[in-house]
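Report on one structure; see the data block that follows.
The values are calculated or read from the model by the stated rules, or taken from the named source; none is laboratory data. On a predicted model such as this, the values are computed, not experimentally measured, just so you know. Positions of Cβ are generated from backbone atoms using ideal geometry, with glycine treated the same way; all protein chains shown enter the neighbour counts. What goes into the accessible areas is simple: the full protein's heavy atoms, side chains included, and nothing from ligands, DNA or RNA. Shrake-Rupley method; radii C 1.70, N 1.55, O 1.52, S 1.80 Å.
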Amino acid sequence: MSVTATQKRSVGAVLWDYLTTIDHKKIAHLYLIGGGFFFILGGLEAVIIRIQLIKPENDFISAGFYNEMITMHGTTMIFLAAMPILLGLMNAIMPLQIGARDVSFPFLNSLGFWLFMFGGLLLNCSWFLGGAPDAGWTSYASLAIDSPGHGVDFYVAGLQIAGAGTLMGGINFLATIVNMRAPGMTYMRMPLFAWATFITSVLILFAFPALTVNLFLLMFDRMFGSAFFDVALGGNTIIWQHLFWIFGHPEVYILILPLFGLFSDVFSTFSKKRLFGYTAMVFATMLIAFLGFMVWAHHMFTVGLGPVANSIFAIATMAIAVPTGIKIFNWLATMWGGSITINSAMLWALGFIPSFTIGGMTGVMLGSAVADYQYHDTYFVIAHFHYVIVGGTVFGIFCGLHYWWPVMFGRILHEGMGKLTFWTFFIGFHMTFFIQHFLGLMGMPRRYWVFLEDQGLDLGNLISTIGAFFMSFAVIVFIINIFYTAAKGERPSPDPYDGRTLEWATASSPPPHYNFAQLPLTRGLDPLWIEKMEGNGKMTPAEPLGDIHMPNGSILPFLMSLGFFIAGFGFIYQVDHSAWYLALYGGMAFALGCMVVRSFKDDHGHHIPKEELEREAD
Amino acid sequence: MPENTSTNSTVKAYQKKKNKDEMKKQLIAFASMIAFTLIAFGIVATESVDKMFLIPIIVIMAVVQVGFQFYYFMHMKDKGHAMPATLIYGGVWAALLTLGGLGLITWW
């Protein structure tokens, strides 16, 4: 790595390297770039929504376009921005934290990324091909079935492809954590972020099939004349809602649990203390995941499931506040009496606690079935889920990017700009969404294109929109920070924060592509810290220096995903003209052909000889 | 591990006997699964059993078949399968919870 990094490489070589890479650290870069692109896109959509609502009866965009905006904002942010960025962070850090050289299935890892990317691109192609999906990010069936044009078809095909990629990622992380922990790294010595990755992957594995099935049902209804959701033909539209939320509720925990793990690591590092209540934190995470599967109907209190069902789901929902409370108090106790460093990563973590707690509190309010009849489909709900998703997930993503930037890119982000980003975002976020609680309570319904004058909604909406500009400013500063850092940022040591876990114990920053020349021996929780406290300063190797076996890169994941991408267009347009079957079958055949090639080609990878490792160590 | 077994003939004999036993178990499991399937089709086709008993019988046979699948063909009976077993039962739990919940909501 050190040899190649000093040489200038052509753009084509770099591009080819990234197209064929199966190194978990480079796939993490790809996830962050892809997710970051969609994050900016989703952010622009959010700003357009807020500009439309800046004043009463505004006509900045048309009603139909507004529906497309809200649908694509939600879908993009959840499926194409938040989740990929989380998968990127997991990819970059989790294998290092457990002392592995790569994930269990590097090829699958690459395939997962490219499926996500092509799925996301397919979904966004709809903007240029007659209109984006417009039935809301939940795409409730009765509305989605009657939506004209191909918008919802793009939603179905795009999410199906992207969802398959996510499912692969989850399975891969599970196999990695079960099988590839370094010597001595028992389950109960794993950093909380690795634990959170594990539990999140379980959620992905169990929740995504429900979405897959649901999307197939909608696809058959819209494209092949079935009637699962068509009431007039004996179907039932509520099935969509159930299946969507059986997936959708675990999905929101998929969005937050990795960040719970990340914040635990950050609090412990910057407080210079062992995480308070480590075991309780692990089991609280499991409990949240477990309960997450039995609360889906709290999204459907007003559907008319009856008082018994509503009561059961209300109680189960409120029970989740208990493990979450355990976590909040453990974070506070971790900081209590610690030697606290406040830098931009820690600021995001500190800002997260009150913001997320407000979101959790309104969550318990919404969990009360009787009260929910008042809140349902108002801006109160909008405020609630933005407090948990922005106040939890987005704060966490920024925290993780600042904290792990040295590990991922070998540079340290500019502190001043980092703090400016935090404060403007923090203020803007609370300005935008706190007032929306009250807009909701005053009766402003969600997803409405315009509101009327003099109903007490004018000022609140104006404040909310100004807050959105603050957040946009913060994101722009962050982007400038990235470019500034890439050009002029300081190159840190591999352990700039006096870290506690194995991602800080690598030989260089960023780590060499084989991560560890010798796998480290873990002697307890916070393994690097133990070695520091005992005066060793670095990890004891668990094996003699020897040849390292690494897998070879491959272009096949990219080509397979391209095949499914083309087949996606075939599926969408075959209802218009049978010539599109050519794209459908052609794309499928191409993807399957790539699979056949992959199956029959023997590729045993390559070895990094011992001599090269010794040379690089000098 | 061919190089390990060739060094010691007693280990080889032991391994051979173990493989033979394993194969026997696989074949018994496979044969009984085929038999269960035939019985299930048989009792439905001949209409010899009342519907009240038919459904529980088929469900019980299905559960036994799933057990064979997990424990014999997917080797959950062997050592070192605690984590796969946990995840499989977790998945079964999530699926049953979903079906149970939907069933209750629909028919209760």
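Here is a yes/no grid of residues against (1) in contact with a strand residue (DSSP E or B) (Cβ under 6 Å, 6 or more places away or on another chain); (2) open to solvent by less than 30 Å² (accessible area, probe 1.4 Å):
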residue: A:494; (1), (2): no, no
residue: A:503; (1), (2): no, yes
residue: A:508; (1), (2): no, no
residue: A:515; (1), (2): no, yes
residue: A:518; (1), (2): yes, no
residue: A:524; (1), (2): no, yes
residue: A:531; (1), (2): no, yes
residue: A:534; (1), (2): no, no
residue: A:538; (1), (2): no, no
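For segment A:370-389, residues that are in a helix (DSSP H, G or I) and open to solvent by 20 Å² or more (accessible area, probe 1.4 Å) total 12. Among the residues making up segment B:44-82, a single one is within 14 Å of chain A (Cβ to nearest Cβ) and in a helix (DSSP H, G or I): B:82.
Yes or no, residue by residue, for (1) hydroxyl-bearing (Ser, Thr, Tyr); (2) within 15 Å of the chain's Cα centre (by Cα); (3) open to solvent by 100 Å² or more (accessible area, probe 1.4 Å):
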position: B:14; (1), (2), (3): yes, no, yes
position: B:18; (1), (2), (3): no, no, yes
position: B:30; (1), (2), (3): no, yes, yes
position: B:40; (1), (2), (3): no, no, no
position: B:43; (1), (2), (3): no, no, no
position: B:59; (1), (2), (3): no, yes, no
position: B:75; (1), (2), (3): no, yes, no
position: B:80; (1), (2), (3): no, no, no
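In segment A:585-618, the residue that is least open to solvent (accessible area, probe 1.4 Å) out of those that are within 31 Å of the chain's Cα centre (by Cα) and in contact (Cβ under 8 Å) with a residue 40 or more places away in the chain is A:605. Across segment A:453-476, not a single residue is classified as surrounded by 18 or more Cβ atoms within 10 Å (Cβ to Cβ) and closer than 27 Å to residue A:97 by Cα.
Output the residues belonging to segment A:515-539 that are assigned to a loop (DSSP other than H, G, I, E, B) and within 13 Å of residue A:185 (Cβ to Cβ).
Taking segment A:515-539 first, the residues assigned to a loop (DSSP other than H, G, I, E, B) are A:515-519, A:521-526, A:534-539.
Selection gives A:516, A:519, A:521, A:522, A:523, A:524, A:525, A:526, A:539.
Say whether the condition of being touching a Pro at 6+ places or on another chain (Cβ under 7 Å) and assigned to a loop (DSSP other than H, G, I, E, B) is met by at least one residue in segment A:67-80. No: segment A:67-80 contains no residue that is touching a Pro at 6+ places or on another chain (Cβ under 7 Å) and assigned to a loop (DSSP other than H, G, I, E, B). Scan segment A:42-65 and tell me whether some residue there is open to solvent by less than 20 Å² (accessible area, probe 1.4 Å) and either aromatic (Phe, Trp, Tyr) or more than 29 Å from residue A:382 (Cβ to Cβ) (or both). The answer is no; no qualifying residue exists. Do we have any residue at all in segment A:158-178 that's under 15 Å from the mean Cα position of the chain (by Cα), crowded, with 24+ Cβ neighbours inside 10 Å and closer than 30 Å to residue A:340 by Cα? So far as segment A:158-178 goes, no, none of its residues is under 15 Å from the mean Cα position of the chain (by Cα), crowded, with 24+ Cβ neighbours inside 10 Å and closer than 30 Å to residue A:340 by Cα.
Going through segment A:306-343 one residue at a time, which ones are within 14 Å of chain B (Cβ to nearest Cβ) and either open to solvent by 30 Å² or more (accessible area, probe 1.4 Å) or of a type outside the set (A, V, I, L, M, F, W, C) (or both)? Across segment A:306-343, the qualifying residues are A:306, A:307, A:308, A:310, A:311, A:312, A:315, A:317. Being surrounded by 24 or more Cβ atoms within 10 Å (Cβ to Cβ) and over 29 Å from residue A:506 (Cβ atoms): is that true of residue A:396 here? No, not satisfied.
Give B:85, B:94 a once-over and let me know the one that is within 14 Å of chain A (Cβ to nearest Cβ), within 25 Å of residue A:210 (Cβ to Cβ), surrounded by 12 or more Cβ atoms within 10 Å (Cβ to Cβ) and more than 15 Å from the chain's Cα centre (by Cα).
Values: B:85 fails: more than 15 Å from the chain's Cα centre (by Cα).
Going through B:85, B:94 in turn, the sole match is B:94.
Out of A:549, A:607, I need the residue that is assigned to a strand (DSSP E or B), of a type outside the set (S, T, N, Q) and touching a Gly at 6+ places or on another chain (Cβ under 8 Å). Which one?
Working: A:607 fails: touching a Gly at 6+ places or on another chain (Cβ under 8 Å).
Sole residue among the options that is assigned to a strand (DSSP E or B), of a type outside the set (S, T, N, Q) and touching a Gly at 6+ places or on another chain (Cβ under 8 Å): A:549.
If you take the residues of segment A:222-244 that are assigned to a helix (DSSP H, G or I) and open to solvent by less than 20 Å² (accessible area, probe 1.4 Å), which of them is farthest from residue A:330 (Cα to Cα)? Checked segment A:222-244; the qualifying residue farthest from residue A:330 (Cα to Cα) is A:223. Listed conditions (1) more than 26 Å from the chain's Cα centre (by Cα); (2) within 14 Å of chain B (Cβ to nearest Cβ); (3) buried (at least 20 other Cβ atoms within 10 Å of the Cβ) are all met by residue A:271, apart from (2). Taken over segment A:293-305, the criterion of being at the interface with chain B (Cβ under 10 Å from one of its Cβ atoms), part of a helix (DSSP H, G or I) and crowded, with 18+ Cβ neighbours inside 10 Å is satisfied by A:293, A:294, A:296, A:297. Scanning segment A:477-492 for residues that are assigned to a helix (DSSP H, G or I), surrounded by 13 or more Cβ atoms within 10 Å (Cβ to Cβ) and not hydrophobic (A, V, I, L, M, F, W, C) turns up A:481, A:484, A:485.
I need the full set of residues from segment A:418-442 which are closer than 17 Å to residue A:345 by Cα and open to solvent by 40 Å² or more (accessible area, probe 1.4 Å), in order please. If the condition is that a residue be closer than 17 Å to residue A:345 by Cα and open to solvent by 40 Å² or more (accessible area, probe 1.4 Å), then A:419, A:420, A:423, A:426, A:427 are the ones that fit.
Whether any residue in segment A:214-221 is touching a helix residue (DSSP H, G or I) at 6+ places or on another chain (Cβ under 7 Å) and crowded, with 24+ Cβ neighbours inside 10 Å is what I want to check. The answer is yes; a qualifying residue exists. Of all the numbered requirements in (1) outside any strand (DSSP E or B); (2) touching a strand residue (DSSP E or B) at 6+ places or on another chain (Cβ under 8 Å), residue A:584 misses one, and that requirement is (2).
Just one of the listed residues (A:556, A:528) is in contact with a Lys or Arg (Cβ under 6 Å, 6 or more places away or on another chain) and without any contact (Cβ under 8 Å) to a residue 60 or more places away in the chain, and it is A:528.
Residue A:564 meets the stated requirement of being among the aromatic types (Phe, Trp, Tyr) and at pLDDT 95 or above.
Restricted to segment B:98-108, and to residues there that are farther than 16 Å from residue A:204 by Cα and open to solvent by less than 40 Å² (accessible area, probe 1.4 Å), the residue that is nearest to the other protein chains (Cβ to nearest Cβ) is B:105. Among helices (runs of 4 or more DSSP H) entirely within segment A:91-210, having at least 1 residues that are closer than 22 Å to residue A:563 by Cα singles out A:106-125, A:151-179.
Scanning segment A:179-196 for residues that are more than 14 Å from chain B (Cβ to nearest Cβ), more than 17 Å from residue A:31 (Cβ to Cβ), in contact with a Leu (Cβ under 9 Å, 6 or more places away or on another chain) and open to solvent by less than 10 Å² (accessible area, probe 1.4 Å) returns A:182, A:185, A:191, A:192. Of everything in segment A:128-157 that is open to solvent by 10 Å² or more (accessible area, probe 1.4 Å) and among the aromatic types (Phe, Trp, Tyr), the residue that is farthest from residue A:250 (Cα to Cα) is A:128. Of all the criteria given as (1) open to solvent by less than 10 Å² (accessible area, probe 1.4 Å); (2) within 14 Å of chain B (Cβ to nearest Cβ), the one not satisfied by residue A:262 is (2).
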